[in-house]
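The next block holds one structure in the form of structure tokens; read it before the comments.
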Amino acid sequence: PHTQAAVEEQERNGARVSGMVYTPAVKSAEDERAKAREAFRRALAAEPAHLEARLHLAQVLTADKAYGEAVQELGPVLAGSNGPWHRYFAYLFLGRAEAGRQRPADARAAFEQASALYPDAQAPRLALSQLDLRAGDRESALRVFELLLRVRQEQSDPWWRYDAVREPDAEVVWLQRLHAAFQASR
């Protein structure tokens, strides 16, 4: 969204300058999500057990309101992940998808699972607050601010590092794969 906003601003500014033509490399948010969907699906075709690709694909599908597809992508993540990192994001995205499918009880259960993995994380608490607000429970919805006032979120919530989703040993695994590919090409 930040990139699209910058591109739109540049296009508006370019339109004010006579003779200036601005052709952005960044397309609309919908076009960018379509490219992302395609790339994640190619990655999964090559490596079906790639949990990060499934997480990112589910995030894109949820943004496109393809909630059922997102839920299907998250099942293998929850079944295949042993660590809390991927499971946390899977539960967050599952909660969003279930909320999008108008299933607040299922959304609540997913957000509570995410919160149980990282008790001081703000993202699942904010999502639960939104569910409470939609249900008309203003008092419960406002309780999230107690957490926000006492916790430094960037240290306690993996959401702040979503763009770097990985298990702790992911770098080692990727380096081993790179080394093996290099050795095979010799």
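Details
- Placing a pseudo-label 7 Å from each Cα along the Cα-to-Cβ vector at LYS35 and HIS179 gives an inter-label distance of 3.4 nm.
- Taking Cα centre as origin and charging only the Cβ of basic (Lys, Arg, +1) and acidic (Asp, Glu, -1) residues, the dipole magnitude of the stretch 35-136 rounds to 220 debye.
- Ordering of 175-183, 52-60, 102-110, 86-94 by burial proxy (mean other Cβ atoms within 10 Å per residue, highest first): 86-94, 52-60, 102-110, 175-183
Quick note: the coordinates plus some simple rules give every number you see, no bench work behind them. Just so we're clear, the structure is a prediction, and the values are computed from it rather than from any experiment. All Cβ positions, glycine included, derive from the backbone under ideal geometry; neighbour counts span all protein chains shown.
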